[in-house]
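The structure appears right after this line, and notes come after that.
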Amino acid sequence: MSYAVTKSSPVLVKPVSSTPTETIPLSSIDRTATMSVFVEFISMFSHGEQPAKRIKEAFAKALVPYYPVAGRIAEPTPGVPVVDCTGEGIWYVEATANCSLEDVNYLERPLMIPKEEMLPRPPAGVKFEDQILMAQINEFTCGGFAVGICFSHLVFDGQGAAQFLKAVGDMARGLPEPTVKPVWSREAIPDPPKVPFSGPPPSFTAFNFVISVIEISLDSINRNKDKFTTETTQRCSTFDVITAMIFKSRAKAIKLANTAEVWLGFAASTRHLLHGVLPTVEGYYGNCVYPVGITKTSEEINSASLVEVISFIKDAKDMLSTKFVDWMNGGSDTHYNVPLDYGTVIISDWSRLGFNEVDYGFGEPKYVFSLNDDVNIVGVVNYLKPPTPKQGIRLMLRCVEEEHSAEFCDELLKF
């Protein structure tokens, strides 16, 4: 049997009451080149009574305090995107599947329904890139449902998008207003002078990355945390342990020359560094991230112990404050440059953003997973919470080609 989703025509969900009409700025962090992307993901729920109707009404209510989300991205000055608060609303799609969640293996990889069928799109002739957020509710025959979300990274970081969706959940559960009051205040973040770009434009190679899924148990994480503490008398986080496993296992598997550079990068939250910059940090839903990069030779990573690689990651995180303040003060713009070669891997930690805590009145999702897996110029690993009730971290790996995949996974499992 072929499994499919039947979509209704997209409709606009507008704020339930009038909202300000104005043009408001994005911050200097929002406007960095790396944010000009759309993020797509699905949250799976085991049950829900008329979820499409309930969530639609909740969006209309949440879009009143979060009225910029009902607007559109515009660029009246080339290279300087802004938000036009038009009150047009978000595109919303209701869809029904001809199967149960069990039939499609609870949306585990490989997906048995194409992702395009479960994600929202605006009608033909409407500019996709002008949208801020879109939603699609996919209802299954078992009573479960999956919420497909597409949002602009120009307007939110992951934590900010989760904050908005939690507000939708607040409305769906009958609260009179969102638990967290939204804060825009993008103009409060300094706009550092641009460092003139020099040199040739970057070149890149398209790689044939394969997708694999590995789960790291909580026992394994805790065992390696304890080992690090025993050897160094310091503490480390789950992120530090998992990221060190990735860096070390991948370097060994891809077998670059000893002197070749391997580079690991991740986006670190800077919310704690914006106290005193923003009027209030709580409720701010713009981008509060800054890229952290670690460069070593292949030999350095291969010869280092896991404990030593954890220390490399902690050292890089410790430099965040200095580098972020330097950037805000007009320091080097090159912190955002990423080597686009096979030695590079980017870490994206979805496990703590808050999407797993969004409750539309039917409990928290059983599983949340991202769908931005069609970029093939740089390797990426996503950290996810595994489907409940499992614990630990699920790794969505898309960072090595077929010839290195088995060894990479084997090296990871050794930890």
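Give, to the nearest whole percent, the P(r) tail of the range 68-127 beyond 16 angstrom, counting all Cα pairs. Above the 16 Å cut-off, the range 68-127 has 63 percent of its Cα pairs. Once you reduce the range 261-308 and the range 21-53 to the center of their Cα atoms, the two points are 22 Å from each other.
Under the criterion of Cα pairs below 8 Å and six or more residues apart, the relative contact order for the range 243-378 equals 30 percent.
Taking the square roots of 5 times each eigenvalue of the Cα gyration tensor of the range 60-198, largest first, gives ellipsoid semi-axes of 31, 20, 15 Å.
Under 4 °C and 1.567 mPa s, how fast does the range 1-42 diffuse according to Stokes-Einstein, given a Kirkwood radius computed over C-alpha pairs? Answer in µm²/s, whole number. It diffuses with D of about 84 µm²/s by this estimate.
Building the convex hull from the alpha-carbon atoms of the range 21-87 and averaging its projection over directions returns 6.0 nm². For the chain, the Cβ-based charge dipole about the Cα centre amounts to some 580 debye (Lys, Arg positive; Asp, Glu negative; other atoms uncharged). Other residues with beta-carbon under 11 Å from the beta-carbon of VAL168 carry, at +1 per Lys or Arg and -1 per Asp or Glu, a net charge of +2. For the chain, what is the relative contact order in percent, using Cα pairs closer than 8 Å and at least 6 residues apart in sequence? Relative contact order here is 21 percent. Taking PRO25, PRO389, PRO339 in turn, the Gaussian network model of the chain (Cα-Cα springs below 10 Å) assigns the largest fluctuation to PRO389.
Taken about its Cα centre, the range 26-177 carries a charge dipole of about 180 debye when Lys and Arg each add +1 at the Cβ and Asp and Glu each add -1 at the Cβ. As a fraction of the 1.4 Å probe accessible area of the range 181-318, surface on carbon and sulfur atoms comes out at 53 percent. For the range 51-187, the relative contact order comes to 27 percent (Cα pairs under 8 Å, sequence separation of at least 6). Accessible surface calculations at 1.4 Å, restricted to protein heavy atoms, place the range 286-415 at 41 Å² per residue. In terms of overall dimensions, the chain has a Cα radius of gyration and Dmax of 21.7, 62 angstrom.
The values are calculated or read from the model by the stated rules, or taken from the named source; none is laboratory data. As the structure is a prediction and not an experimental result, all values here were calculated from the model. Because the Cβ atoms are built from the backbone with ideal geometry, glycine has one as well, and the counts that use them run over all protein chains shown. The protein model used for the area step is the full one, side chains on, heavy atoms only, and it has no ligands, DNA or RNA in it. Shrake-Rupley method; radii C 1.70, N 1.55, O 1.52, S 1.80 Å.
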